[in-house]
Amino acid sequence: MSQAEDSHQRRLARNLNELLQELRVAQAGVQILFGFLLSIAFTDRYAHADDYVRVTHLVTILFAALSIALLTAPAAWHRILFRRGRREDVIEVANRFAIWGLANLAVAMTGTVLLLAEVVVGGPWAIVLGAFAALLFGTLWFALPIRERNRDSTDEDEPEDEEDRGE
C-alpha cells in the first residue's frame, strides 16, 4: 500500500470513528427521550388527555423512533460491511443517516416541548413554546452550521488538504 493510500485509509478510519462517537452522544439523548415519551402513556393524566395531546404524543414518538432508526443504522452498516473495503461508502451513508436522524430528533424534541407545554400552560402559549423549540433546534443544528459551511471560501481549483482542516 502506498503512503498516500495509507494516509487516505487512516483519514477514513478517523472520520468513521469521529462519526460513530457523535452518534453515540445523539443516540443516548434520543433513547432517553423515547423512554420518557413511552412512559407518558401510562400515567393517569394521559388517560384523560384529549385527541390533540394524544395525536401530538403519537407523532412525537414516531419521529423519535425514526430518529433512533437513523442514528443507529450506521453501526449496523459498519458491522455488516466490516472488512469489506467499503469504509468510504459506510461513512457517506452514515453521514446522511446522521443528518436525517438529527432532523427527526429536532422534530421529536419540538413535539415534546409542544406536548408538555400543552399540558402545563395550554392554548396559544403551547404553540409559541413549540415554535420557539423548532426555531431553536433548526437554527442551532442546521441553519448556523450550513451558513458556516457556505461561508467557507475554499477555491475549488486549489483543494485544501482534509488533514489540515481536521476532518
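Under the rule of -39500 (n - 2.57) per DSSP H run of 4 or more residues, summed and divided by the residues of the chain, what mean residue ellipticity at 222 nm is obtained, to the nearest 500 deg cm²/dmol? Spell out each step's value before the answer.
Numbers: 7 runs with 133 residues, N = 167.
Mean residue ellipticity, 222 nm, calculated: -27000 deg cm²/dmol.
Share of the chain's accessible area from carbon and sulfur, percent, 1.4 Å?
Details: 6810 of 11250 Å².
Carbon and sulfur together cover 61 percent of it.
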- Enumerate the residues in the range 61-75 having an amide nitrogen under 17 Å from the point lying 7 Å beyond the Cα of Val25 toward its Cβ. 71-72
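Calculate, for the chain, the solvent-accessible area per residue in square angstrom, rolling a 1.4 angstrom probe over the heavy atoms of the protein chains.
Details: 11250 Å² over 167 residues.
Roughly 67 Å² per residue, with all protein chains present.
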- Exposed chymotrypsin sites (Phe, Trp or Tyr not before Pro) being those in a DSSP loop with at most 11 other Cβ atoms within 10 Å, the longest stretch of the chain free of them is 83-167
- Query: Under DSSP H, which helices of the chain have Cα atoms covering 24 Å or more of the helix axis and a Kyte-Doolittle average no less than 1.0?
  - Reply: 51-80, 87-120
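With a/c under 1.5 counting as rounded, go ahead and sort the range 1-89 into rounded, prolate or oblate using the C-alpha gyration tensor (a ≥ b ≥ c being the square roots of the eigenvalues; past the cut-off, prolate if a/b is larger than b/c, else oblate).
Here the range 1-89 falls in the prolate category.
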- Message: For a test of the definition: using alpha carbon positions, the gyration tensor, and the 1.5 limit on a/c, classify the chain as rounded, prolate or oblate.
- Response: oblate
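The values are calculated or read from the model by the stated rules, or taken from the named source; none is laboratory data. If you're wondering where the values come from, they're calculated on a predicted model, not measured in any experiment. Note: ideal-geometry Cβ built from the backbone for every residue, glycine included; neighbour counts use all protein chains shown. What goes into the accessible areas is simple: the full protein's heavy atoms, side chains included, and nothing from ligands, DNA or RNA. Shrake-Rupley method; radii C 1.70, N 1.55, O 1.52, S 1.80 Å.
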